[in-house]
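Please read the structure below before turning to the comments.
The values are calculated or read from the model by the stated rules, or taken from the named source; none is laboratory data. All values derive from a computational prediction rather than experimental measurement. Cβ placement follows ideal geometry from the backbone for every residue including glycine, while neighbour counts extend to all protein chains displayed.
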Amino acid sequence: MNYFISDLHFGHKNCLAFDNRPFKSIEENDETIIKNWNNTVEIDDDVYLLGDISWYNTTKTIEIFNNLNGNIHLIKGNHDGKLLKNRELQSRFCEIVDYKELDIGDDKIVVLCHYPIPCFKNHYYGSYHLYGHVHTGFEDNMMQQVKYQITALYDKPCNMWNVGCMKSYMNYTPRTLEEIIKSGE
């Protein structure tokens, strides 16, 4: 099974406020994400994590990721560079890339990037784009407007979704593409 999620921001206290996360502490945030992850993801599942993994030091970050189920594919976020200099942390991921195209059959792909790409590959032909980075503020609203305009102007669906963990349809839990499409509409 393939799962997707972005912007975990383990240890990032400021994200509690700017995302309006419903937790009393960053520890509660972290515990909820870890619990939801492990209750959803099996050992052999693949999780595509679209960046911004942690604000903790490498030791604490490694400890967290060693306790997460699944094969984790990291699509790097803008806050990941310093942590990813550590080889032990690097080894926790199946791959570390800036961008990925995941073939899901039927001539469709899922374009994975930490950043939103309004004109992603094959966006007129039924492919999908999953991203993070913009959280729940102005930039997220802007991307929703872009999605609406593309759909209205070209009379074709714009299959792009923000998979930031704080989105209501993500609920701090890795989700399948089908779950994202169904609940993120």
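Residues in segment 1-53 that are touching a Pro at 6+ places or on another chain (Cβ under 7 Å) and either of a type in the set (Val, Ile, Thr) or part of a helix (DSSP H, G or I) (or both) were compared, and the one that is surrounded by the fewest Cβ atoms within 10 Å (Cβ to Cβ) is 40. Scanning segment 30-45 for residues that are in contact (Cβ under 8 Å) with a residue 40 or more places away in the chain and within 18 Å of residue 15 (Cβ to Cβ) yields 32, 33, 36, 37.
Quick check on residue 20: is it polar (S, T, N, Q) and at pLDDT 95 or above? When the stated conditions are applied, residue 20 does not pass them.
Please go through segment 54-87 and pick out each residue that is among the acidic types (Asp, Glu) and not in a helix (DSSP H, G or I).
80
So which of 137, 126, 81 ends up being exposed (fewer than 15 other Cβ atoms within 10 Å of the Cβ) and within 19 Å of residue 4 (Cβ to Cβ)? The conditions single out 126. The number of residues in segment 54-66 that are more than 18 Å from the chain's Cα centre (by Cα) and within 22 Å of residue 4 (Cβ to Cβ) comes to 1.
Which residues, counting only those in segment 14-28, are in contact (Cβ under 8 Å) with a residue 40 or more places away in the chain and touching a helix residue (DSSP H, G or I) at 6+ places or on another chain (Cβ under 7 Å)? 21, the sole residue that qualifies. For segment 68-98, the candidate set comprises residues that are free of Cβ contacts under 8 Å to residues at least 24 places away in the same chain and of a type in the set (Gly, Ala, Ser); within that set, the residue that is farthest from residue 12 (Cα to Cα) is 91.
Screening residue 148 against (1) within 27 Å of residue 70 (Cα to Cα); (2) out of contact with any Asp or Glu (no Cβ under 7 Å at 6 or more places or on another chain); (3) not aliphatic (A, V, I, L, M) leaves a single unmet condition, (1). If the condition is being in a loop (DSSP other than H, G, I, E, B) and of a type in the set (Lys, Arg), then segment 114-156 contributes 121, 156.
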